[in-house]
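Student: Quick one: the structure is below, and I'll ask about it shortly.
The values are calculated or read from the model by the stated rules, or taken from the named source; none is laboratory data. What you see is a predicted model; the values in this text were computed from it and never measured. Here the Cβ is made from the backbone with ideal geometry for all residues, glycine too, and neighbour counts use every protein chain on show.
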Amino acid sequence: MSNEIEPRETGEPTTYGFELPLLLFGGFRSIIDELHAELARRGHPDLRPAHGFALQAIGPRGATATEAGRRLGISKQAAGKTIERLSELGYVHKAGDDQDRRRKLVRITPRGLEALALSAMIFDDIRSRWASMLGPDRLSGLEADLRTMVPGETFRLDVPGWFGA
């Protein structure tokens, strides 16, 4: 018995199971790389993909390093390091919690909010470009198919921790 996969009789090119996750990841990576190149051109050269996940984990109400770490699937120390870098870059600031003086909340600054709003606009531009290249119906179909295949929660913030696991 041979380990080689026979070509399909339909004339379609042979595809392998490992290609699907690589293609999906490649699509994700190309979108994120394009986003960050555009963010750099528009005044945010130091933002990295992990920073975007961290800003989402901090959220509009703020979060402690422990809360952000839990949402990201990383340790409090790793979250603290990312938060410290975001603070140095002016995207977040640390403040006391009005409800509990022992807690140190991290809040997104106006610069951080601007970067998030700009990211949303750039994502829309990238999606429009994909729609013009693939056709709006094909892109909508792809999105619908992915929603069908992705179980439950479609936007998980724990990607940094998942990749590092």
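Student: Quick check on the stretch 128-146: of everything there that is under 19 Å from Phe25 (Cβ atoms) and among the charged types (D, E, K, R), which residue is surrounded by the most Cβ atoms within 10 Å (Cβ to Cβ)?
Tutor: Glu143
Student: Okay, next question. When the residues of the stretch 1-49 are filtered to those that are at pLDDT 90 or above, over 22 Å from Gly90 (Cβ atoms) and acidic (Asp, Glu), which remaining residue is surrounded by the most Cβ atoms within 10 Å (Cβ to Cβ)?
Tutor: Glu34
Student: May I pose another question? Filtering the stretch 55-66 down to residues that are buried (at least 19 other Cβ atoms within 10 Å of the Cβ) and in contact (Cβ under 8 Å) with a residue 60 or more places away in the chain, which residue is nearest to Asp33 (Cα to Cα)?
Tutor: Start the filter on the stretch 55-66 by keeping residues that are buried (at least 19 other Cβ atoms within 10 Å of the Cβ), which leaves 55, 57-58, 62-65.
Okay, now just the ones that are also in contact (Cβ under 8 Å) with a residue 60 or more places away in the chain, so 55, 57.
Working: Leu55: 18, Ala57: 20 Å.
Among residues in the stretch 55-66 that are buried (at least 19 other Cβ atoms within 10 Å of the Cβ) and in contact (Cβ under 8 Å) with a residue 60 or more places away in the chain, the one nearest to Asp33 (Cα to Cα) is Leu55.
Student: Here is a further query. In this structure, is Ile74 within 21 Å of Ile122 (Cβ to Cβ) and either among the β-branched types (Val, Ile, Thr) or surrounded by fewer than 15 Cβ atoms within 10 Å (Cβ to Cβ) (or both)?
Tutor: So Ile74 fails the test.
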